[in-house]
Every structure is written in C-alpha cells, then in structure tokens.
Amino acid sequence: MIGCSNSDDSVTSPPQQQIKNPRDYSWTIDTLYFTPAPQAPGQTILQDLWGINDTIVYVGCHDAWGGNGALWKFNGKCWERVKLGVWEGGPLTEAYDIRAITGSSPTDIYAFGSYELSNDNPPPNYLFKVFAVHFNGTAWHEISLPQGQYIFDVNHDSPTIIYGGGSYGQLFKFDGVRWTVDTVQTPASSDIWMTIKVIGAAADSGVFIQIRQHNQKTGAQSNELAIYAKKRMTRLAYTGEDIPWGGDAFWKSKEGNIYSCGWNGVFRISGTKWSQIKVTYSYVRSIWGTNDKHIFVCEDNDISFFDGSTWSILNTGISTKYYISKLWCSANEVFVAFSDGQRTYILHGK
C-alpha cells in the first residue's frame, strides 16, 4: 500500500518572502507498507528520514520482504519503493537493512546499512557486514567500504566529507576520494555494546561525536561527548544513563549551533556547555530545522515549532503517538515519519 498526497504539478514552492508560517500548515498522512500479495504479512518499520528538497525525500526502513531493508522515495506526489535488491533489479546481492541516509545534491545520495549473512559456524546464527549504496542521479551502485558491521548514523557537513558512526566504536570517514575506518575506543569488556552518533565536523579536521556504551549483562549505560581528531579523542562531557544534554538526536544549524533532544526537552550545545531551550515532561525524539529560527521537534504526542524565541505545539488534526520517529524539513514543508511496529506513516505539513 502506497499513500499519495494530493498535489498539483503546476504548483511550485513559494518564494522566500512568501514562506508560510508552520503554525498554519495543512497536514496530510501517507502509509508505507509493502507486501508481495494482499494476504501475505508485511512489515515496514522506520529507520531513517532525510531529504534534499520538497520533492526528493527518502525513508529507510526494515522491510520483511525483498530482503530485510527497504528505501522509499517521495517525488513530490507519491512515495515509491526504491528497488535495491538484485532480485528486483538493484545492485545489492544479500539481505540488507537500511540504517542511515545522507547526500549533498539530487545526484549525490548515499544509503548505509548492513548485510545479514548466515554463519556457517554458529553461534551466532547470523553475521553482519556494513554496506553502502550511492545514487549518481541515474542509478544506484554499491560502493566499497572498509570492514565493519553497521553504520547507524551519518553526517554530511560538505560534499566531500562524510562521517559515519558504527558499532564497537567504529568511525567511518569519506574524504572525497576514499573511505577509511578507525576505532575510536575499544570497550573494556566484550559484554559492552558501543555506538557512535556523529554530530558534525569540528576544528582541526576532527568530528564532534557522542559515544554510548551499554553493558548487555548489567544494563549499565554511559554516554560522553567528544571531539575525535587525528586519532586522538578529547572528552568534552561524560555522564551515566541520564544525559543532561538530551543525546537522543542532534541537528547542526547553518549558523553552526548544535541542538540536541531527548528526555525532558531540547538543548543547545556551545563548546562544553549546554543550555535547555525547551522543557518537557515527555521524550523529544527527533529534531531538524533550516536555521536557528526555523526548528521542528517531535515529542511522544506532539510536533512543536521554534521560531527562535517561542515554541508552539502544531495542530495537525491527526491524533497519534510518535514513539519511533524521524523528522526532516525544508523552508516550506516538514515531514515526520513514525512507526507502529508494522507500518510506517509520513505526516506531511506544508
């Protein structure tokens, strides 16, 4: 089932001086759900949402059919499933899962994830291998990456510099010519599962990251903010399970300010300090904007807009919960993707 929003091909985005106030947006909702036959069970679970403009928006999903993953594209009117598996005409030869999407232009788009491979000598029953595909404006092609298991999070600060955060402390980097990988930090125990969120480029050719370690036996968790440059890590902040700077999702404005969201609100980070700019009693799960005066966040039950001084809860006319959610916006529109564990829904305001 593919949902299509009403659209008129003759309508173009309004000029900058006519940008609509997000508090007055009109809202529609689409459903992403794939099954090979009407009676066959399907599953399309949100992993990532990212766009170039209002007519090129991508959603990466876990899809029980056609491999383990799926990439969907919005073309301005409808959502279409991108065929990446070799069995459907794409370049990927194994069962795959899409985890993260980024790019710099309509002819330079990347999707990252992992292959799921059967292990001939279990346990474990399955092994995972990182992969990436690149769209050059005409077709998708698989690209060669250094060895690794996953890329969960990416940041594309410039057309030639891409950082990807993986499992077990792996940090991937593309410098415009080649991909390299380095291990930021090795866990003290094999019981510790460690992931990296990539916040953005930092000074001295480094990258601003958040490292999260989770002990799978005890449940203990730690988090730290750091700058990683030239194989050296400079810790900026460290905490246990409760993160005082949000830490669930990050966004960097064109003015260079870093925003973070999570439990109890939204935060702005400056150097080693952070200030809370929105206080909530729910979880803020995703954040995106175009500048410091045009920011959206998605909470458990609400979508809010920040104009640089005031927060407003937006009236979408659609009552739902956003426990699994991602958000992306342009100057004129906003897309909020969320999942109920079976289907993925796209709330579209413009």
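Since every read-out is calculated from the coordinates, none of them should be taken as a lab result. For clarity, every value in this text was computed on a predicted model and none was experimentally measured. As a convention, Cβ positions derive from the backbone with ideal geometry for all residues, glycine included, and neighbour counts pool all protein chains shown.
General observations
- Of Lys20/Lys173; Lys73/Lys321; Lys273/Lys293, those spanning more than 28 Å from alpha-carbon to alpha-carbon: Lys20/Lys173
- Stretching Val279 away from Tyr126 to a fully extended chain increases their span by 50.8 nm, per 0.36 nm per residue minus the current alpha-carbon distance.
- Values of log10 I(q)/I(0) for segment 181-270 across q = 0.10, 0.19, 0.23, 0.24 Å⁻¹ run -0.26, -0.91, -1.23, -1.30, by the Debye formula with one identical scatterer at each alpha carbon and no solvent.
- Distance cut-off 17 Å, percentage of C-alpha pairs in segment 229-269 lying past it: 43 percent
- Counting all C-alpha pairs of segment 277-350, share separated by more than 20 Å (%): 23 percent
- Nonlocal amide H pairs with Asn301, under 5 Å, H built at 1.01 Å: Tyr322
- Förster-model FRET efficiency, 25 Å R0, Thr310 and Asp108, C-beta, rounded to 0.05: 0.10
- Overall form of segment 39-168 per C-alpha gyration tensor (a/c, 1.5; a/b vs b/c): oblate
- Per-residue ³J(HN,Hα) for segment 195-202, Karplus 6.51 cos²θ - 1.76 cosθ + 1.60, θ = phi - 60°, Hz, x for Gly and Pro: 10, 10, 9, 9, 8, x, 5, 10
- Counting 0.36 nm for each residue step from Ile29 to Asn291 and taking away their Cα separation leaves a gain of 91.8 nm.
- Each of Thr93 and Glu80 was given a label point 7 Å from its Cα along the Cα-to-Cβ line. The distance between the two points is 2.8 nm.
- For segment 30-64 versus segment 289-350, the spacing of their alpha-carbon centroids is 18 Å.
- Dipole magnitude for segment 281-350: computed about the Cα centre from +1 point charges on Lys and Arg Cβ and -1 point charges on Asp and Glu Cβ, it is near 180 debye.
- Student exercise, the chain dipole from Lys, Arg, Asp, Glu Cβ charges, in Debye to nearest 20: 640 debye
- Percentage relative contact order, the chain, counting C-alpha pairs under 8 Å, at least six apart: 13 percent
- The distance linking segment 189-237 with segment 95-160 is 21 Å (Cα centroid to Cα centroid, whole angstrom).
- Less than 5 angstrom separates the built amide H of Arg343 from those of Thr44, all sequence-distant by 5 or more or on a different chain.
- Note, ³J(HN,Hα) from phi for segment 88-105, Karplus 6.51, -1.76, 1.60, rounded to Hz, x at Gly and Pro: 10, x, x, x, 7, 9, 10, 4, 9, 9, 8, 10, 8, 9, 7, x, 10, 6
- Cβ-based net charge around Cys298, under 11 Å, with every Lys or Arg adding one and every Asp or Glu removing one: -1
- What the phi angles of segment 155-171 give under the Karplus curve with 6.51, -1.76 and 1.60, with θ = phi - 60°, is a coupling list of 9, 10, 6, 8, x, 10, 10, 10, 10, x, x, x, 8, 6, x, 7, 10 Hz, glycine and proline written as x.
- Debye intensity ratio I(q)/I(0), log10, segment 29-73, q values 0.27 Å⁻¹ (C-alpha model): -0.98
- Whole-number D in µm²/s for segment 226-350 (Stokes-Einstein; Kirkwood sum over Cα pairs; 10 °C, 1.306 mPa s): 104 µm²/s
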